[in-house]
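Inspection log for the structure reproduced underneath, given as structure tokens.
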Amino acid sequence: MWEALKNIMVMIELELRRLRHDRTEIYFRAIQPILWIVIYGSVMGSVRGIPTGGVSYTDFITPGVMIQATTFVSIFYGLMMVWERDSGILKKLLVTPASRYSMVIGRSMASGVRAISQALIILPIALAIGVRFKPNPAYFISAFIIIFFASGGFAATSILAASFMKTRERFMGIGQAIIMPLFFASNALYPIQLMPPILREFSAYNPLSYVVDAVRGLLITGDLSNIIVDLAAITLFDTVLFILASISFRRIIE
Amino acid sequence: MRALDRVDLIVKPGEAFALLGPNGAGKTTLMRILTTQLKPTAGEAYVFGLDVVRDSGRVRRLISYVPQEMSVWTDISGYENLLIYAKIFGLPRHERGEIIDEVLENMGLSQVRDHLVGTYSGGMIRRLEIACAMLIKPKIMFLDEPTIGLDPAARKAVWERLRVFKEEYGVTIFFNTHYMDEADLYADDIAVMNRGRIVVEGTSGELKNSLGGEIIAFKLEESILKPGLIREIRKLESVRDVFVEDGRLSVSVKGAESTLPHLMNILRNEGVYVEEVSMNKPTLDDVFLKYAGTRLEEEGRISEVAHTRYMIRKG
């Protein structure tokens, strides 16, 4: 346990060091979510066709778009694991005394570092266009901790997928194919009540919905009535994916 | 398909051991088993008395491994790579800085420690990888094609550093290579592997002597020889062995000077036109040719791997 925690910290340190040297990826990845908030948000907001529970539409989708962006980061983090399999890094890591599961969890959680920096870049722009966040530091920090842990689960999802897709090109397609359905079949852009019944059913199993719900509650609406369910769902999601990814990790190297 | 078949090897502590073999001989598979990455389907392997399957955790504390592919992060500095690995290996905090400085110094990388690895040359990256492997002062170091794709000067630099480590710390070095000269110069013991089997093992001198005296090589005009001709040559008392490979006839003999005229006679009688003749002491290349049945297609292979490494660097 202590050893796993230590390895997670080392992997997080690695990500921080990489980010310190080069943040271009994070900047470029911020363009798309900013377009969602600035353009899509204001256009759809002026239609006033979507019930958002008293907040403006742009405010409503900001957490959703932020989570979509951070999920992108963590899903494509799995791509990096495939890259590392092509190079010798993964092989070398597996010959160190570090256990395999601590490597999987460590790498997954390290994606949270990138995810958080991604969310932090979107934040000032959202503020600039007038998104009203709840001025509560404790809520704020909690939201980012949730993003951090949820990213670990999504990165583990991509490690799991990467262990079946052994080439980079295939994985690029799979990455998109995972994220877009998760995004559209969630409450990121519209409340679940608006969805057709089948999609609503799917949304109940969509981890992204729980993350968006928790973060929206903390950052925008202040409505924390579902937070316990949200946290339980995220914990379950992380646990299951960490286990599955650790098991399938062998496939990546063989 | 068996990647390895009845491999039976013993490596002595503190020596440099070279595993030679053509592509697909099973060298990398063997190394991946010894480094606990793959489980053998049958058979046993021990590293310093520890079973690589049952005691894999303890084995990993004793060994270091440098894979053939690039194994450092290019978007951080050399020092940072070592720091991350030092932490993964669990080196105590108060020794960490000193050990990293030491391996950087030993590998001649102190000047560039804070530069991004992406700016390093191929040889520097290789030395950094070996520096990572040296962090824990392993009892045995596994190197998969340690100098592939490097220019001769960089290869020499890598080996000189490795030799110092071996002598100073008594590290056992186990390496795969297809550079004959490297095995010849730096390995205490050599094993030749082909199609998953160890075909011959010994010191470089023993292997060369096993071919008998000298080698007479003929470059012939035609590439297909009649079996009768080879039988005829084998009949000569001083001939030890004959091997043929596209237009080259190599005859291992005792007393080249006195045998050559006989050989020329036989060839002339059979109407074979000889373009060139050379007489040599056997080289490791000849050993390889005899035991693995083929020369290494060095050029094609090296450029291919160098290309792969390059592509990996580009990401």
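Every number in this text was worked out from the coordinates using simple rules, so none of it is lab data. It should be emphasised that the depicted structure is a prediction, and the values quoted were computed from it without experimental measurement. Positions of Cβ are generated from backbone atoms using ideal geometry, with glycine treated the same way; all protein chains shown enter the neighbour counts.
Some values worked out for this structure:
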| item | result |
| --- | --- |
| Helix-only [θ]222 nm of chain A, DSSP H runs n ≥ 4, -39500 (n - 2.57) each, per residue, nearest 500 | -25500 deg cm²/dmol |
| Helix-derived mean residue ellipticity, 222 nm - over chain B, DSSP H n ≥ 4, -39500 (n - 2.57), to 500 | -13000 deg cm²/dmol |
| Cβ neighbours within 10 Å from other chains - mean over A:3-11 | 2 |
| Efficiency of FRET from Cβ geometry, residue A:39 and residue A:239, R₀ 41 Å, rounded to 0.05 | 0.60 |
| Karplus 3J(HN,Hα) series, Hz, for segment B:97-103 with 6.51 cos²θ - 1.76 cosθ + 1.60 (x for Gly, Pro) | x, 5, 5, 4, 4, 5, 5 |
| Simple label model, 7 Å out from Cα along Cβ direction - residue A:125 to residue B:114, nm | 3.3 |
| Modelled FRET efficiency - R0 41 Å, residue A:13 with residue B:206, Cβ distances, 0.05 increments | 0.25 |
| Sorted peptide list for A:141-154, B:140-153, B:235-248, criterion being average Cβ within 10 angstrom, highest first | A:141-154, B:140-153, B:235-248 |
| Of the DSSP H helices in chain A, those whose Cα atoms cover at least 15 Å axially and whose Kyte score averages 0.0 or more | A:24-35, A:57-86, A:100-128, A:137-162, A:168-184, A:227-253 |
| Calculated from backbone phi, Karplus (6.51, -1.76, 1.60) coupling profile of segment B:234-241 in Hz, x at Gly/Pro | 4, 5, 4, 5, 7, 8, 8, 7 |
| Label-point separation, residue A:31 to residue B:163 (7 Å along Cα→Cβ), nm | 5.4 |
| Distance from segment B:119-183 to segment B:1-34 (C-alpha centre basis), Å | 18 |
| Choice from A:207, A:191, A:181 showing the highest fluctuation, given a GNM over chain A with Cα pairs closer than 10 Å | A:181 |
